[in-house]
Amino acid sequence: MKRITKLAGSLVFLSLTAAAMPASAAKIGVTMSAFDDNFLTVLRNGMKNYAESKKDVNVQFEDAQNDIGRQLSQIQNFIAQKVDAIVVNVVDTEVTPKITKMVAASGIPLVYVNRLPADRVLPAKVAFVGSNESESGTLQMKEVCRLMNGKGNIVVMMGDLANQAARQRTKDVEDVISTSSCKGIKIVEKQTAKWSRTDGRDLMMNWLSAGVKFDAVVSNNDEMALGAIQALKASKRLNGTVVAGVDATRDALTAMKAGELKVTVFQNAAGQGRGAIDTALKLVHGEKVQAMNYIPFELVTPGNLKNYEARN
């Protein structure tokens with residue numbers, strides 16, 4: 001019988017009863033940057049479901065609530081508990097060298113998931129599972145450029161700049177518009193909305209109130225894009241404006257079906273979750289794994305939308 005127990009509001013422990021769980025079951029501690037995020041919820045469920053299917057894995061989830069100090073404490077607790085492996089969806093990618101050193105000293109295998117660590121080289125028993133961010137913003141912006149016929153003004157909504165993905169996706173956009181076929185496109189505003197739908201809506205309202213003129217909104221993720229859509233609809237400015245996101249979340253695909261979102265990029269959150277647990281288990285069992293394990297991004301448009309609705 002499966003049991004989920006909440007402790008102190010942040011700890012979720014997924015286990016099987018003693019009768020069903022073998023004594024040799026691997027114990028994996030997972031710290032997530034945040035639980036209250038649509039994409040990361042799919043990622044977490046991917047880990048949970050895969051662990052359940054293995055039947056010999058205990059997975060303990062903790063919510064860092066976007067607090068790196070809290071996350072470091074959670075990792076220290078996992079080390080003290082002598083878990084068999086640790087999986088980290090890091091709050092701040094710049095802190096990963098410290099995390100890597102701390103976990104490596106304990107001898108416990110470590111897997112970073114979704115957010116690329118800043119370490120120049122990952123040591124033995126440390127791996128990354130995620131997607132290559134140089135693909136995400138590139139696929140997104142090339143399609144936006146095509147829809148704009150290579151000319152016009154765009155605004156860019158950036159994620160939390162403590163996150164490597166936000167910096168890389170923004171660079172991708174800038175690199176695409178520097179190419180000959182898209183050099184007629186200009187970025188007129190570029191600000192962070194911290195991955196948040198609410199912050200995306202508020203930022204868009206500020207831009208509209210300031211009279212910023214633009215033809216497209218290029219957002220580092222779907223949540224901010226959906227917030228922008230809310231503000232554009234309220235201001236009757238959505239028609240004729242291209243809005244693009246990244247992640248292909250369920251809400252984003254619904255917005256695309258309604259004709260509101262024109263572009264997104266599928267990031268296989270569930271696949272990353274499965275891959276993280278699988279990689280952790282291989283390390284626990286002494287198997288060799290690649291340091292970098294990439295799951296490709298895929299462009300999603302109204303033309304191939306149906307292919308992705310079934311995957312969310």
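The values are calculated or read from the model by the stated rules, or taken from the named source; none is laboratory data. Computed from a predicted model, the values in this text were never measured in an experiment. Reconstructed Cβ throughout: ideal geometry from the backbone, glycine too, with neighbour counts over all protein chains shown.
Can we say residue 209 is of a type outside the set (Val, Ile, Thr), more than 19 Å from residue 141 (Cβ to Cβ), in the same structural domain as residue 138 (by TED's automatic domain parsing) and in contact with a helix residue (DSSP H, G or I) (Cβ under 7 Å, 6 or more places away or on another chain)? Give the steps one after another, and end with the answer.
Values: of a type outside the set (Val, Ile, Thr): yes; more than 19 Å from residue 141 (Cβ to Cβ): yes; in the same structural domain as residue 138 (by TED's automatic domain parsing): yes; in contact with a helix residue (DSSP H, G or I) (Cβ under 7 Å, 6 or more places away or on another chain): no.
So residue 209 does not fit the description; no.
The set of residues in the stretch 270-309 being free of Cβ contacts under 8 Å to residues at least 40 places away in the same chain and more than 22 Å from residue 140 (Cβ to Cβ) consists of 282, 285, 286, 287, 288.
Can you tell me which of 236, 282 is surrounded by fewer than 16 Cβ atoms within 10 Å (Cβ to Cβ) and out of contact with any strand residue (DSSP E or B) (no Cβ under 7 Å at 6 or more places or on another chain)? Write out each step before concluding.
Numbers: 282 fails: surrounded by fewer than 16 Cβ atoms within 10 Å (Cβ to Cβ).
Within the list 236, 282, the selection yields 236.
Tell me, please, whether a residue that is surrounded by 20 or more Cβ atoms within 10 Å (Cβ to Cβ) and at pLDDT below 95 can be found in the stretch 208-230. No, the stretch 208-230 contains no residue that is surrounded by 20 or more Cβ atoms within 10 Å (Cβ to Cβ) and at pLDDT below 95.
Within this structure, residue 249 passes the test of being under 22 Å from residue 160 (Cβ atoms) and at pLDDT below 95. Is it the case that residue 53 is within 18 Å of residue 270 (Cβ to Cβ) and under 22 Å from the mean Cα position of the chain (by Cα)? Here the answer is no, as residue 53 does not meet what is asked.
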